[in-house]
1. Could you count how many residues in the stretch 1-24 are out of contact with any Lys or Arg (no Cβ under 8 Å at 6 or more places or on another chain), in a loop (DSSP other than H, G, I, E, B) and β-branched (Val, Ile, Thr)?
2. Please work out if GLY43 is assigned to a loop (DSSP other than H, G, I, E, B), without any contact (Cβ under 8 Å) to a residue 40 or more places away in the chain and not basic (Lys, Arg).
3. With the condition kept exactly as written, say whether any residue in the stretch 150-161 is among the charged types (D, E, K, R) and within 20 Å of GLU277 (Cα to Cα).
4. Just checking, how many residues over the stretch 253-293 are surrounded by fewer than 15 Cβ atoms within 10 Å (Cβ to Cβ) and not in a loop (DSSP other than H, G, I, E, B)?
5. If ALA228 meets every condition in (1) in a strand (DSSP E or B); (2) at pLDDT below 95; (3) of a type in the set (Gly, Ala, Ser) apart from one, which number is that one?
6. Just to be sure before I move on: is GLU185 part of a helix (DSSP H, G or I), under 29 Å from GLU33 (Cα atoms), in contact (Cβ under 8 Å) with a residue 40 or more places away in the chain and in contact with a Lys or Arg (Cβ under 6 Å, 6 or more places away or on another chain) in the structure I sent?
7. Pairs under 6 Å by beta carbon, first residue surrounded by 15 or more Cβ atoms within 10 Å (Cβ to Cβ) in the stretch 52-69, partner polar (S, T, N, Q), six or more apart or different chains?
Amino acid sequence: MIKLGILDFDTSHCVEFTKRLNQIGKDQEQFVEGAKIVIGCAGESKLSPERVEGFTKQMKEFGVPLVDKPADMIGKVDGMLIEAVDGTVHYERAKPFLEAGIPCFVDKPYACSLDDAKKLAELAAKKKLPLFSSSSLRYSPEVVDYAADAKKGKLVGCVVYGPASASPIPERNAGLFHYGIHPIEVLYTLMGPGCKRVTCTHDKDTDTVTGHWADGRMATVRGIRKGASGYGFIGFAEKGIQPVTIGTKFIYRELLKKIVEMFKTGKSPLDIAETVEIVAFIEAANKSGANHGTGETVKG
C-alpha cells in the first residue's frame, strides 16, 4: 500500500480524496485502491482561511493522524498531495518534499505564474521525480471517451464552457486561475499542447478566450459568471459536430486512479510540459483580458 501525506485543508479535496482513498463511508463505487492517506497537515491559507477548521475536524473524524508542520511528514510517506486552493503557494509547499525525494501531486491550479510553473518542473526533473497536476475534469468519462473516439476524425476545434471565478475575482488565484482552470484543462485534453497565441474578452459576467494553435486550429473557452452554469463542450471534428455535457459524479475517482498510478509507476500520466503550457495560456489570457482583447503570446 502506498503511503500518502496530504497538505493544506482549505479545500474540500482533502476530505473528498481521503474518503475515496481510505474507503470511508458506504459509497463503494467511489473507492480507489492502492494508496492511503496516512498523515496530514492542515497548513494555513490566505485565500480561504475560513474553511480550514471544518475540514480539519472532518480529517480528524476520519482518523488521519495530523502534524503541525509540513516537514513533519517527511520520512513517513511515499508521496504527497499538495492541496492548497491557492495556486500561488504551490511552489513553496511542494519544494521541500521534492528536495527530499518525495514525488508530488499538485492540485489545480498547478501554479499561478509561469515562473513558478517552470521552477517546480525543473526541480522535479533535477530530482528525477514524477510531478503531476490536473483538474479532475480532464478525466471525466465524457471527455475521455470523446477524445479517444477515432470515428470522429481529427478534432479541428472546440468550444468549451464552465464556471469561472465568482465576482469578486480573488487576487491570489487571479483571473482564470481559479475555477477557469477546469474548462481550460478540458480544452487542452481535447486540443493538446501547441497553442501559440491567445485573445480574451473580459467582462464582469464572462471571460471568452480564443486560442490559436501552431497547426492552424482554433478553440474557445467561455468562463461563466452569470446565468445557468455547468461543464461541457462542442467538438468540431472532420466527420461531425458533437455537443457533449460533462458529468461530475466520478471525476474525483478517475483523477485519483491516475494519481495512484503515478505513485506506483514513477511516471506522470500527463507530461508536465503540457501543464506548464496551460499556466502560460492562462497567464496570457489574463493579460489579454486586462488589455481589452490584445493578442498575447503563449510563452510556455
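1. Of the residues in the stretch 1-24, 1 are out of contact with any Lys or Arg (no Cβ under 8 Å at 6 or more places or on another chain), in a loop (DSSP other than H, G, I, E, B) and β-branched (Val, Ile, Thr).
2. Answer is no for this residue.
3. no
4. 4
5. It is condition (1) that ALA228 fails.
6. Against the criterion (part of a helix (DSSP H, G or I), under 29 Å from GLU33 (Cα atoms), in contact (Cβ under 8 Å) with a residue 40 or more places away in the chain and in contact with a Lys or Arg (Cβ under 6 Å, 6 or more places away or on another chain)), GLU185 qualifies.
7. VAL52/SER45; PHE62/THR18
Table: residues versus (1) buried (at least 22 other Cβ atoms within 10 Å of the Cβ); (2) modelled with pLDDT of 95 or more; (3) out of contact with any His (no Cβ under 6 Å at 6 or more places or on another chain); (4) on the phi < 0 side of the Ramachandran plot.
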| residue | (1), (2), (3), (4) |
| --- | --- |
| TYR91 | yes, yes, yes, yes |
| PRO109 | yes, yes, yes, yes |
| LYS118 | no, yes, yes, yes |
| LEU137 | yes, yes, no, yes |
| VAL160 | yes, yes, yes, yes |
| GLY180 | yes, no, yes, yes |
| PRO183 | yes, yes, yes, yes |
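The values are calculated or read from the model by the stated rules, or taken from the named source; none is laboratory data. Computed from a predicted structure; not experimentally measured. A quick note on method: Cβ atoms are made from the backbone with ideal geometry, for glycine too, and the neighbour counts reach across all protein chains shown.
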